[in-house]
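Working notes, beginning with the structure itself.
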4 protein chains.
Amino acid sequence: MTVDLNADAGESYGAFTYGHDREVFPLVTSVNLACGFHGGSPGRMREAVRLAKAHGVAVGAHPGFPDLVGFGRREMALSPEEVYADVLYQIGALHAFLRAEGLPLHHVKPHGALYLKACRHRETARAIAEAVRTFDPEVPLVVLPGTVYEEEAQKAGLRVVREAFPERAYLGNGQLAPRHLEGSWISDPEEAARRALRMVLEGRVEALDGGEVAVRAETLCIHGDNPNAPQVARAVRRALEEAGVEVRAF
Amino acid sequence: MTVDLNADAGESYGAFTYGHDREVFPLVTSVNLACGFHGGSPGRMREAVRLAKAHGVAVGAHPGFPDLVGFGRREMALSPEEVYADVLYQIGALHAFLRAEGLPLHHVKPHGALYLKACRHRETARAIAEAVRTFDPEVPLVVLPGTVYEEEAQKAGLRVVREAFPERAYLGNGQLAPRHLEGSWISDPEEAARRALRMVLEGRVEALDGGEVAVRAETLCIHGDNPNAPQVARAVRRALEEAGVEVRAF
Amino acid sequence: MTVDLNADAGESYGAFTYGHDREVFPLVTSVNLACGFHGGSPGRMREAVRLAKAHGVAVGAHPGFPDLVGFGRREMALSPEEVYADVLYQIGALHAFLRAEGLPLHHVKPHGALYLKACRHRETARAIAEAVRTFDPEVPLVVLPGTVYEEEAQKAGLRVVREAFPERAYLGNGQLAPRHLEGSWISDPEEAARRALRMVLEGRVEALDGGEVAVRAETLCIHGDNPNAPQVARAVRRALEEAGVEVRAF
Amino acid sequence: MTVDLNADAGESYGAFTYGHDREVFPLVTSVNLACGFHGGSPGRMREAVRLAKAHGVAVGAHPGFPDLVGFGRREMALSPEEVYADVLYQIGALHAFLRAEGLPLHHVKPHGALYLKACRHRETARAIAEAVRTFDPEVPLVVLPGTVYEEEAQKAGLRVVREAFPERAYLGNGQLAPRHLEGSWISDPEEAARRALRMVLEGRVEALDGGEVAVRAETLCIHGDNPNAPQVARAVRRALEEAGVEVRAF
């Protein structure tokens, strides 16, 4: 039994440092690196790619909306053509740094509001999948299972890798609980680790609104910008390994 | 005898249209496409790549300083590491659109103030060459001959393609005459065509400050943002072809 | 009887020219100048303010979403606090150029997707009104009548100036017809002029979906980025003046 | 005897936090707030203005080059017209937040590479002074004494406030020692405090290259982005107050 541990990273921008890359990279098996639109200036992208190389971590692109001031967390009414072009641009930019370091592009995972919009807006999902497909049809997309985003990635013929969130509460319908709900965020590392284990071993976890919910987890996301991200990553990883789960990039 | 005719293009940005791509592309054999920093939004880059494909024009990357409001025409004190990362980022971004359309990256030519700085600042030139080399050592760099930029491109083991400017006056020392000098700009298409012919056939042209100057021209640059760019391109191309020079991408 | 003729303007950005300011300014009585977020670089703002001064045209601020590449035409999910801060920032920036030229800030009119969102999203409207009120409660807001935007502007104690669009078709419910509808756009200058006249003299105009619709017009908007904006402005102005309507800033 | 203690602040940008505003504001008497170009998004500007208001700290504008990714620390070849427009724009933007909070614009102090360029490039200095003068001739400029920047500010009729840097080494010629020189940076709070005291009481300090240098200090700059900025500010303030110097805004 194996699972990947991924973290959003490389989100620093010029003189602005964001997240905890140096602490988190040794603990995860893949990273999703910002590509300049919501974070990730060229110099910081190069730095993050090299850090990933040094730690043997697989690198994916983490394209976002063109909204640096909003950190890509504000939904934008982009046309599918605009989503396609923005995602393709960002994938290419990151790919250049990988190529310069002799690394492959391991996967793509959209960021923030773009990810969330893709989960419920079919044209956006299709445009993202199309950007990846026309760039390289062998590159997998990390998806939230049970969404139109997963469907469109599969329709495009891409390999999909299902993601689960041990730090986020789920609703009974399989959706992530909105962040404003009480209890939507699990900040205790041990509790996150316990949930991660259930997700991987049992394929399910407790729902915030009662009962249980099926969760398909080929990769577990650690939020690298949380103050306690290193603690969470460490606890999740240890729990998985103690249970005999191999933690490695998909 | 052959020569390439290149134009800076793809510099429109979102709703802002710049230059005369639709008129110029049918007349040139290669284009240098903006990559988002001084012009060239993702959607406009895609459009320009497709236009080039439709006209069978070779496409190079045209990376500039990160200065959209200044159109990359204002020198910036970037460190070599910053130049390297900015150029690599932009090459990669354009390359993604080429890849999606099944086109190769034909060459790289820096834009505006970055080009001019590379011609006289060795570390900047080296950083540009290094970005191209680590991305793909087979991709040629378009250079101004007789500069440290040409030297560094060669030291990096890259193929260099020498560029001449039929619309720009030269000084006796081989440098381009500064734009504020009277006569530094040749706006008459026929005069530009006559100069282009001398450059290609004789390897020399009249200098603004008297005498003649040797000019090595493997590609001739047409300024695509001039109001009369199409007329100049047409006149230059006709003059070359009538003289038996084959106009084709290097 | 008087009416104002306003145009969105000052939307050029650095080397990128947008719209037809030099042709339009002599024909209108007020302009809404971009403030840097969707267009309007500092240099171009200064230029536009001086042009307005030269023509005796009243100047308002035209704040938009922070989306240069999308020209402020793509809705963004900004919080009310973000709308407030973005609008206040832009008003202040334009105000500085006015102050330097000895001109008052005549009014505020939001741009593009921000205007449209304000018309149907109360919190956005309230945040815009609040930004104007805290900057200067004497500055009027240009509004689309019959919207929550008008309501919130009035609740904030601001003077509202109702705007009508002679170039845009209306629906029977008083809303502007969406741009994708056939007939939603009136490009014939004489037809626009005829509609402008009905709006001002009769307070009504034909609806696209049949019947008539009441239109309250204290200012008429001319779209300055239309290729035929000068013709439309000229035709509308002439029709109004020939009918004895005084065209002047509110 | 009085002196002001100033710190560059408000440089956070959206989700990116920069500096130590909450720790530093209670310790200084004036702050120079970023205005959006090198840092300081609208939301963060509002936050910083309110923080200053809560602590009774005087607020100045801190305009920089339009270079967010370089944090305004990279010299740019802007024309005087561009400097003028960029500075005026930024002053106006900050002023709007002050006006909304009922605070005056206390002063202007350029940031980073713009400040340094103004010190040795007369046209740049003149453009900055002109922007302040046309905005409000009563607003003082914080200057480095003995520079063309000080001269041009005075020629424009502005009040100048001389600044000294207790954390930075000086050369015998009165200039700041370049940051790459060993010993150019004083990181020990007590040593910075000792130097601050000499500057204020004696008007001189030891030079890095031997001997002493006259230093005129109406305001002392604390670098708010240093990890130990709060310690330095505290030590400097205590030393001054214990010596009977009144620390208050100019």
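The values are calculated or read from the model by the stated rules, or taken from the named source; none is laboratory data. On a predicted model such as this, the values are computed, not experimentally measured, just so you know. Neighbour counts are summed over all protein chains in view; Cβ atoms, including those assigned to glycine, are modelled from backbone coordinates with ideal geometry. These accessible areas exclude ligands, DNA and RNA; they are computed on the full protein's heavy atoms, side chains included. Shrake-Rupley method; radii C 1.70, N 1.55, O 1.52, S 1.80 Å.
Looking only at the stretch D:27-63, which residues are hydrophobic (A, V, I, L, M, F, W, C) and under 20 Å from C:E82 (Cα atoms)?
D:L33, D:A34, D:C35, D:F37, D:M45, D:A48, D:V49, D:L51, D:A52
Could you grab me the full set of residues in the stretch D:44-66 that are within 30 Å of B:M76 (Cα to Cα), under 18 Å from the mean Cα position of the chain (by Cα) and not aromatic (F, W, Y)?
Within the stretch D:44-66, D:M45, D:A48, D:V59, D:G60, D:A61, D:H62, D:P63, D:G64, D:P66 meet the criteria.
Condition test on B:T134, is it at pLDDT 95 or above, β-branched (V, I, T) and open to solvent by 20 Å² or more (accessible area, probe 1.4 Å)?
yes
Checking the structure you have, find out if any residue of the stretch C:53-61 is modelled with pLDDT of 95 or more, open to solvent by 30 Å² or more (accessible area, probe 1.4 Å) and of a type outside the set (G, A, S).
Yes: the stretch C:53-61 contains one or more residues that are modelled with pLDDT of 95 or more, open to solvent by 30 Å² or more (accessible area, probe 1.4 Å) and of a type outside the set (G, A, S).
Identify the residue in the stretch D:173-203 that is basic (K, R) and buried (at least 16 other Cβ atoms within 10 Å of the Cβ) and, among all such residues, is farthest from D:V215 (Cα to Cα).
D:R194
Pick from A:L27, A:L5, A:L33: which is within 17 Å of A:V236 (Cβ to Cβ) and in contact with a strand residue (DSSP E or B) (Cβ under 6 Å, 6 or more places away or on another chain)?
A:L5
Going by what's in this entry, would B:G64 be described as out of contact with any Asp or Glu (no Cβ under 8 Å at 6 or more places or on another chain), more than 11 Å from chain A (Cβ to nearest Cβ), modelled with pLDDT of 95 or more and crowded, with 24+ Cβ neighbours inside 10 Å?
yes
Does A:L103 count as within 8 Å of chain B (Cβ to nearest Cβ) and of a type outside the set (S, T, Y)?
no
Please determine, by comparing only the residues of the stretch C:164-197 that are in contact with a Pro (Cβ under 8 Å, 6 or more places away or on another chain) and of a type outside the set (G, A, S), which one is farthest from C:N228 (Cα to Cα).
This residue is C:R195.
Would you check if there is a residue in the stretch A:186-202 being acidic (D, E), in a loop (DSSP other than H, G, I, E, B) and on the phi < 0 side of the Ramachandran plot?
So far as the stretch A:186-202 goes, yes, one or more of its residues are acidic (D, E), in a loop (DSSP other than H, G, I, E, B) and on the phi < 0 side of the Ramachandran plot.
Only one of (1) at pLDDT 95 or above; (2) on the phi > 0 side of the Ramachandran plot fails for B:H95. Which number is that?
(2)
Considering only the stretch D:67-92, state which residues are touching a strand residue (DSSP E or B) at 6+ places or on another chain (Cβ under 9 Å) and more than 10 Å from chain C (Cβ to nearest Cβ).
Listed by number, the residues that qualify are D:D67, D:L68, D:V69, D:G70, D:F71, D:G72, D:R74, D:E75, D:M76, D:A77.
Restricting the stretch C:97-124 to residues that are part of a loop (DSSP other than H, G, I, E, B) and of a type in the set (D, E, K, R), which is surrounded by the most Cβ atoms within 10 Å (Cβ to Cβ)?
Checking each candidate, the answer is C:K109.
Residue check, D:A217 against (1) of a type outside the set (D, E); (2) under 23 Å from D:V31 (Cα atoms); (3) open to solvent by 30 Å² or more (accessible area, probe 1.4 Å); (4) part of a loop (DSSP other than H, G, I, E, B), all met but one. Which one?
(3)
What is the residue count in the stretch C:117-146 for residues that are aliphatic (A, V, I, L, M) and under 19 Å from C:A58 (Cβ atoms)?
Of the residues in that region, 5 qualify.
Can you name the residue in the stretch C:17-49 that is among the aromatic types (F, W, Y) and open to solvent by 10 Å² or more (accessible area, probe 1.4 Å) and is also nearest to the other protein chains (Cβ to nearest Cβ) among such residues?
Top of the filtered list is C:Y18.
So which residues in the stretch D:1-16 are within 15 Å of D:N226 (Cβ to Cβ) and either touching a Phe, Trp or Tyr at 6+ places or on another chain (Cβ under 6 Å) or surrounded by fewer than 23 Cβ atoms within 10 Å (Cβ to Cβ) (or both)?
Of everything in the stretch D:1-16, just one residue is within 15 Å of D:N226 (Cβ to Cβ) and either touching a Phe, Trp or Tyr at 6+ places or on another chain (Cβ under 6 Å) or surrounded by fewer than 23 Cβ atoms within 10 Å (Cβ to Cβ) (or both), namely D:E11.
Conditions: (1) within 17 Å of the chain's Cα centre (by Cα); (2) part of a helix (DSSP H, G or I); (3) under 20 Å from A:H55 (Cβ atoms); (4) aliphatic (A, V, I, L, M). A:A235 meets all but one. Number of the miss?
(1)
Which condition does B:A207 not pass, out of (1) surrounded by 17 or more Cβ atoms within 10 Å (Cβ to Cβ); (2) free of Cβ contacts under 8 Å to residues at least 40 places away in the same chain; (3) in contact with a helix residue (DSSP H, G or I) (Cβ under 7 Å, 6 or more places away or on another chain), if it passes all the others?
Evaluating B:A207 over (1) surrounded by 17 or more Cβ atoms within 10 Å (Cβ to Cβ); (2) free of Cβ contacts under 8 Å to residues at least 40 places away in the same chain; (3) in contact with a helix residue (DSSP H, G or I) (Cβ under 7 Å, 6 or more places away or on another chain) leaves (3) as the failure.
Of the conditions (1) farther than 20 Å from A:V31 by Cα; (2) in contact with a Pro (Cβ under 9 Å, 6 or more places away or on another chain), A:E81 clears all except one; give me its number.
Of the numbered conditions (1) farther than 20 Å from A:V31 by Cα; (2) in contact with a Pro (Cβ under 9 Å, 6 or more places away or on another chain), the odd one out for A:E81 is (2).
Which one is nearest to B:T124 (Cα to Cα), of the residues in the stretch B:141-164 that are open to solvent by 20 Å² or more (accessible area, probe 1.4 Å) and in a helix (DSSP H, G or I)?
Ranking the candidates gives B:V148 first.
Give the stretch A:125-138 a look and list any residue that's more than 20 Å from A:F165 (Cβ to Cβ), in contact (Cβ under 8 Å) with a residue 40 or more places away in the chain and away from every other protein chain (no Cβ under 11 Å), or say none.
Passing the criteria: A:R126, A:A127.
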